[in-house]
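Asks: Below are the structure tokens for one structure; questions will follow.
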Amino acid sequence: MSDNYLKFFEDIKSGFKDNIQIKSLYDKPFSDIYNSYEADFEEVALYLNEAVECGQDILELCCGNGRITLPLARNNFNVTGVDCSDDMLTLLKEKKERMPFNVRKRINILKQDVFSLKLEKKFDMIILPATTICILFDDPEKTMQLFRNVAFMLKDHGKFLFDIRNYNNVENNIIPTHLVCGDNICLSYENIDKKVGQATGMFLTLTKAPNGLMQMSVAESYKKIIPKETIEKFISVSPFLIEKKVEYSYNNDDLFLYVLRKEEDNHGEYC
Ligand SMILES: C[S@@+](CC[C@H](N)C(=O)[O-])C[C@H]1O[C@@H](n2cnc3c(N)ncnc32)[C@H](O)[C@@H]1O
């Protein structure tokens, strides 16, 4: 079954290569499909509880369509959201426009690559939700520089929160999914390969175009499988200390949320 599934995708891609649009995972129509996932109560509560302790000003790295940005702003926090995807940010801007004025005024949206982000403004809390660190962790030295920049943008008492997937109970596996979302039907699989240290996602979407014809789009995603020992060694040489680690679940995935505080003496030589 698994091999058939992989071959199905390969056959579609090679057999229809002139008819298929190759997209980034955060471009339309995939951004619309991502937008059908809501943050759940437990996930939002984790960020809100920490924010209450930290202060008003939050920076969300890789904020995407605002899945977490909006509930934070609705709960009276000022949120600056940064992302590099036009289509994801368009969704966030559209949702922001539908919010009451007092929520809208608390949301500031920036289009930028987070690796080159170094704002002068200091924040009470900086967050990187949705296991996005697994996309950014390709080059650990670059990620360490991101952590240093995060420390620079954080107030002294501030906290940095990010999550990773807990793969301890996950076997090497191919997980197929099928989702219908508006005019899109999406078939996907995730190939979890712990030996290679990567979870590879393949997405195929059939969309009803305005002219009534069907459009096919494919996208791929590559997420590093970061064992908790690796991330904790990484943190130990970063400008941060682990304040706590919270286990939670979202969409059948087990996750660890790391809550970090600044440690002034550490300058982060990672090897
Ligand atoms: C898994 S989504 C997370 C979106 C949102 N934070 C959430 O919780 O749903 C990952 C986001 O990271 C963004 N992203 C990936 N690499 C980036 C980079 N180098 N700079 C800025 N944004 C990036 C993508 O555009 C996408 O919106």
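Asks: Among the numbered conditions (1) under 27 Å from D40 (Cα atoms); (2) among the acidic types (D, E); (3) touching a strand residue (DSSP E or B) at 6+ places or on another chain (Cβ under 6 Å), tell me where D254 comes up short.
Replies: Result: D254 fails condition (3) only.
Residue by residue, here is whether (1) within 17 Å of the chain's Cα centre (by Cα); (2) within 23 Å of L206 (Cβ to Cβ); (3) of a type in the set (K, R) holds:
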residue: D32; (1), (2), (3): yes, yes, no
residue: V52; (1), (2), (3): no, no, no
residue: Q56; (1), (2), (3): no, no, no
residue: L59; (1), (2), (3): yes, no, no
residue: C62; (1), (2), (3): yes, no, no
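Asks: Here is a follow-up. Which one of these does M216 not meet: (1) surrounded by 15 or more Cβ atoms within 10 Å (Cβ to Cβ); (2) at pLDDT 90 or above; (3) not assigned by TED's automatic domain parsing to the domain that holds V52?
Replies: Going through (1) surrounded by 15 or more Cβ atoms within 10 Å (Cβ to Cβ); (2) at pLDDT 90 or above; (3) not assigned by TED's automatic domain parsing to the domain that holds V52 one by one, M216 breaks only (1).
Asks: Next question. So which residues in region 33-56 are in contact with an Asp or Glu (Cβ under 8 Å, 6 or more places away or on another chain) and surrounded by 19 or more Cβ atoms within 10 Å (Cβ to Cβ)? Show your work before the answer.
Replies: If we filter region 33-56 for residues that are in contact with an Asp or Glu (Cβ under 8 Å, 6 or more places away or on another chain), which is where we start, we get 51, 54-56.
Matches in region 33-56: A51, C54.
Asks: Is it fair to say M202 is in contact (Cβ under 8 Å) with a residue 40 or more places away in the chain and more than 21 Å from A39 (Cα to Cα)? Quick ask: steps written out before the conclusion?
Replies: Working: in contact (Cβ under 8 Å) with a residue 40 or more places away in the chain: yes; more than 21 Å from A39 (Cα to Cα): yes.
For M202, the condition - in contact (Cβ under 8 Å) with a residue 40 or more places away in the chain and more than 21 Å from A39 (Cα to Cα) - is met.
Asks: Tell me which helices (runs of 4 or more DSSP H) are completely within region 68-174 and hold 1 or more residues being within 12 Å of the ligand (Cβ to nearest atom), or say none if there are none. Please lay out each step first, then the result.
Replies: On the way: elements: 69-74, 86-97, 101-104, 133-136, 140-153.
So the answer is 69-74, 86-97, 133-136, 140-153.
Asks: Go through (1) within 21 Å of the chain's Cα centre (by Cα); (2) over 27 Å from I33 (Cβ atoms); (3) in contact (Cβ under 8 Å) with a residue 60 or more places away in the chain and name the single condition N191 misses.
Replies: Of (1) within 21 Å of the chain's Cα centre (by Cα); (2) over 27 Å from I33 (Cβ atoms); (3) in contact (Cβ under 8 Å) with a residue 60 or more places away in the chain, only one is false for N191: (2).
Asks: Can you find, within region 64-80, the residue that is farthest from the chain's Cα centre (by Cα) among those that are farther than 19 Å from S36 by Cβ and either outside the structural domain of M153 (by TED's automatic domain parsing) or free of Cβ contacts under 8 Å to residues at least 40 places away in the same chain (or both)? Show your work before the answer.
Replies: We begin by selecting, within region 64-80, every residue farther than 19 Å from S36 by Cβ; these are 72-80.
Applying the additional criterion that residues be either outside the structural domain of M153 (by TED's automatic domain parsing) or free of Cβ contacts under 8 Å to residues at least 40 places away in the same chain (or both) yields 72-79.
Values: L72: 16, A73: 18, R74: 20, N75: 21, N76: 23, F77: 20, N78: 20, V79: 16 Å.
By that ranking, first place goes to N76.
Asks: Test E10 against the stated conditions and say whether it is charged (D, E, K, R), closer than 30 Å to A151 by Cβ and surrounded by fewer than 13 Cβ atoms within 10 Å (Cβ to Cβ). Walk me through it before giving the result.
Replies: Details: charged (D, E, K, R): yes; closer than 30 Å to A151 by Cβ: no; surrounded by fewer than 13 Cβ atoms within 10 Å (Cβ to Cβ): yes.
Against the criterion (charged (D, E, K, R), closer than 30 Å to A151 by Cβ and surrounded by fewer than 13 Cβ atoms within 10 Å (Cβ to Cβ)), E10 does not qualify.
Asks: Could you please find all residues in region 29-67 being within 15 Å of the ligand (Cβ to nearest atom), β-branched (V, I, T) and either part of a helix (DSSP H, G or I) or farther than 17 Å from L161 by Cα (or both)?
Replies: Of everything in region 29-67, those that are within 15 Å of the ligand (Cβ to nearest atom), β-branched (V, I, T) and either part of a helix (DSSP H, G or I) or farther than 17 Å from L161 by Cα (or both) turn out to be I33, V44.
The values are calculated or read from the model by the stated rules, or taken from the named source; none is laboratory data. Only a predicted model underlies this, so the values are computations on that prediction, with no experimental measurement involved. In this analysis, Cβ positions are derived from the backbone assuming ideal geometry, glycine residues included, and neighbour counts consider all displayed protein chains.
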